[in-house]
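Inspection log for the structure reproduced underneath, given as structure tokens.
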Amino acid sequence: MKIGILISGGGSNMIKLIESCQNNKNASINIVISNNPDAKGIEFAKSKKIKTKIINHKEFTEREDFDNQVNNVLIENKIDFLCNAGFMRIHGEKFVEKWFNKHLNIHPALLPSFKGLNTHERAIKSGVKFAGCTVHLVRSGVDEGPIIGQAVTSISIDDDKESLAKKVLKLEHKLYPKCLKLFTEKLVKVKNDKVIFSDKAIKIL
Ligand code: GRF
């Protein structure tokens, strides 16, 4: 499986995905694409000799044109599967269709709660006692789609958005590679938006 990763920033999740595929004979990370020319994650990808490409969304007036350029680069590089890792752009419907059920995202909250931005601050303000992260298949609705995995942590009374973000990011780094592995090892199927896990999947999750 040839995997592409989309980033916009530090790419800490991208780093964990790259490391997790290094010993996976069924998967390789073949390209990292960033919409942000200053994304720190690009340097790490280069250091691992992974092809990188900057596609600056600011150079496109239409979202669809940006999406098409991203898709062209993915096709040129024979990518089979896509992982958003701290990617902060919303995909248009046509792009989502092209990568339907071959496209994961990680969100720093327990979906369907707290879609969108500033999830940790909102969770604390709401008074909930647990937070976490979700890996899901990408659909055209933002932070919507069949859930593949989640990880949870308690929100302590002395947590603030920074301390909670640190706790959740650590969970993300463990969860995302496991969820990707379910796809590279073909241990999960999706039928009519229902996720069907093979028995062996339990060993990974
Ligand atoms: C993470 O919280 C991720 O869930 C969100 O972006 C944040 C930064 O991710 N999508 P990364 O460090 O760039 O992977």
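Charges at C-beta only: +1 for Lys and Arg, -1 for Asp and Glu. How large is the resulting dipole of region 120-189 about its Cα centre, in Debye rounded to 20?
320
Compute the orientation-averaged projected area for the chain from the convex hull of its Cα atoms and round it to one decimal in nm².
Approximately 11.5 nm², given one-decimal rounding.
Multiply the residue separation of residue 2 and residue 158 by 0.36 nm, subtract the distance between their alpha-carbon atoms, and state the gained length in nm to one decimal.
Answer, rounded to one decimal: 51.9 nm.
Karplus couplings for region 96-113 from phi (6.51 cos²θ - 1.76 cosθ + 1.60, θ = phi - 60°), rounded to Hz, Gly and Pro as x?
Karplus-based 3J(HN,Hα) across region 96-113 equals 4, 4, 4, 10, 4, 6, 10, 8, 10, 9, 10, 10, x, 6, 8, 4, x, 6 Hz.
Quick one: which residues, 5+ away or cross-chain, put their amide H under 5 Å from the amide H of residue 87? H built at 1.01 Å from N.
Counting only residues 5 or more places away or on other chains, the set is 8.
Label residue 76 and residue 126 with points 7 Å out from Cα along Cα→Cβ: what is the distance between them in nm?
4.1
Among the aspartates and glutamates, which have Cα under 13 Å from the Cα of residue 189 when same-chain residues fewer than 8 positions away are ignored?
Candidates past the 8-residue exclusion: 199.
Which whole-number percent is the relative contact order of the chain (Cα, under 8 Å, 6+ apart)?
For the chain, the relative contact order is 18 percent.
Here are some pairs, 53/200; 94/191; 25/203; 166/194; 16/49; which of them have Cα atoms lying more than 24 Å apart in this structure?
Check vs 24 Å cut-off fails for 53/200; 166/194.
Which of the GluC sites (Glu not before Pro) across region 1-64 are loop residues per DSSP, with 15 or fewer other Cβ within 10 Å?
Passing sites in region 1-64 are 62.
Helix-only mean residue ellipticity at 222 nm, the chain, DSSP H runs n ≥ 4 weighted -39,500 (n - 2.57), per residue, nearest 500. What is it?
Mean residue ellipticity at 222 nm (helix-derived): -10500 deg cm²/dmol.
Between residue 25 and residue 68, what is the FRET efficiency for a Förster distance of 41 Å, r being their Cβ-Cβ separation, to the nearest 0.05?
E between residue 25 and residue 68, to the nearest 0.05, is 0.80.
Placing unit charges on C-beta atoms (Lys and Arg positive, Asp and Glu negative, everything else neutral), compute the dipole magnitude of region 83-135 about its Cα centre in debye, rounded to 20.
40
Could you tell me the distance between the Cα centroids of region 98-132 and region 1-64, to the nearest Å?
Distance between centres, Cα-based: 22 Å.
Would you be so kind as to identify which of 136, 114, 124 lies farthest towards the positive end of the dipole of region 84-173, taking Lys and Arg as +1 and Asp and Glu as -1 on Cβ and the Cα centre as origin?
Going by the Cα projections, it comes out as 136.
Under a Cβ-only charge scheme (Lys and Arg +1, Asp and Glu -1), can you give me the dipole magnitude of region 85-205 about the Cα centre, in debye to the nearest 20?
Magnitude of the dipole: close to 460 debye.
Values in this text are rule-based calculations from the coordinates and carry no lab data. On a predicted model such as this, the values are computed, not experimentally measured, just so you know. Cβ atoms come from the backbone with ideal geometry, glycine included; neighbour counts cover every protein chain shown.
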